[in-house]
Amino acid sequence: MKDYILSFRINDNILIRTDIKKIFAYTRNVLYANFEFVGSLWDEVSPRVAQFYRDSKTSYDVEIVDGVCQIPWEVLEGEGILKVTVFGGDLISTNAVEIRVWQSGIVGGLVPTAASPSVY
């Protein structure tokens, strides 16, 4: 069982968020995304990848395995807007969903020594 899950549904190439949980800045290694693929468009698509990004410098591509992937802690450094999109195969993609990252009570934080896993 994953610790804290955000839920998304993908119908053809439309991505929507289906939960209302809040995300707080500086959360690390407990936040996951669950993706439900509806319809046949994604049936044979491999790999399926979620892209999480904050700006042009902070972007992570994470493979979706069994509908789930971990959200990289690097895109949760500070409050702001997190964007999520899904792509795969050669090449199918979705729209981007914007998620507000709320300020936490932590100022800064200790940075883990290991980077989040990525497709690249």
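In the set 82, 76, 41, which member is surrounded by 11 or more Cβ atoms within 10 Å (Cβ to Cβ), within 11 Å of the chain's Cα centre (by Cα) and modelled with pLDDT under 95?
Details: 82 fails: modelled with pLDDT under 95; 41 fails: within 11 Å of the chain's Cα centre (by Cα).
Of 82, 76, 41, the one residue that is surrounded by 11 or more Cβ atoms within 10 Å (Cβ to Cβ), within 11 Å of the chain's Cα centre (by Cα) and modelled with pLDDT under 95 is 76.
Look through 61, 19 and report the one residue that is in a loop (DSSP other than H, G, I, E, B) and under 15 Å from residue 84 (Cα atoms).
On the way: 61 fails: in a loop (DSSP other than H, G, I, E, B).
Being in a loop (DSSP other than H, G, I, E, B) and under 15 Å from residue 84 (Cα atoms) holds for just one of 61, 19, which is 19.
If you check residue 31 against the conditions, is it over 16 Å from residue 92 (Cβ atoms) and open to solvent by less than 50 Å² (accessible area, probe 1.4 Å)?
Details: over 16 Å from residue 92 (Cβ atoms): yes; open to solvent by less than 50 Å² (accessible area, probe 1.4 Å): yes.
Considered against the rule, which asks whether it is over 16 Å from residue 92 (Cβ atoms) and open to solvent by less than 50 Å² (accessible area, probe 1.4 Å), residue 31 comes out as yes.
Yes or no: segment 70-93 includes at least one residue that is among the small types (Gly, Ala, Ser), farther than 14 Å from residue 26 by Cβ and free of Cβ contacts under 8 Å to residues at least 40 places away in the same chain.
Keep residues of segment 70-93 that are among the small types (Gly, Ala, Ser), which gives 78, 80, 88-89, 93.
Next, only the ones that are farther than 14 Å from residue 26 by Cβ stay: 88-89, 93.
Pick out the ones that are also free of Cβ contacts under 8 Å to residues at least 40 places away in the same chain and you get none.
The answer is no; no qualifying residue exists.
Is it the case that residue 108 is surrounded by 15 or more Cβ atoms within 10 Å (Cβ to Cβ) and modelled with pLDDT under 95? Full working, then the answer.
Numbers: surrounded by 15 or more Cβ atoms within 10 Å (Cβ to Cβ): no; modelled with pLDDT under 95: yes.
No; evaluated as a whole, the condition is false for this residue.
Cβ contacts < 8 Å: first residue open to solvent by less than 30 Å² (accessible area, probe 1.4 Å), restricted to segment 2-25; second residue basic (Lys, Arg) and in a loop (DSSP other than H, G, I, E, B), any location; separation 6+ or different chain. Result?
Between residues of segment 2-25 that are open to solvent by less than 30 Å² (accessible area, probe 1.4 Å) and residues that are basic (Lys, Arg) and in a loop (DSSP other than H, G, I, E, B), the close pairs are 6/21.
Might you let me know whether segment 48-65 holds any residue that is in contact with an Asp or Glu (Cβ under 6 Å, 6 or more places away or on another chain), open to solvent by less than 70 Å² (accessible area, probe 1.4 Å) and at pLDDT 95 or above?
Yes: segment 48-65 contains one or more residues that are in contact with an Asp or Glu (Cβ under 6 Å, 6 or more places away or on another chain), open to solvent by less than 70 Å² (accessible area, probe 1.4 Å) and at pLDDT 95 or above.
Exactly one of (1) modelled with pLDDT under 95; (2) of a type in the set (S, T, N, Q); (3) in a loop (DSSP other than H, G, I, E, B) is unmet by residue 95. Its number?
Checking residue 95 against (1) modelled with pLDDT under 95; (2) of a type in the set (S, T, N, Q); (3) in a loop (DSSP other than H, G, I, E, B), the one that fails is (1).
The values are calculated or read from the model by the stated rules, or taken from the named source; none is laboratory data. From a predicted model like this one, the values you see are computed outputs, not experimental measurements. Cβ sites come from the backbone with ideal geometry, for glycine too, and all protein chains shown count toward neighbours. Just so you know, the surface numbers come from the protein's heavy atoms only, side chains and all, with ligands and any DNA or RNA stripped out. Shrake-Rupley method; radii C 1.70, N 1.55, O 1.52, S 1.80 Å.
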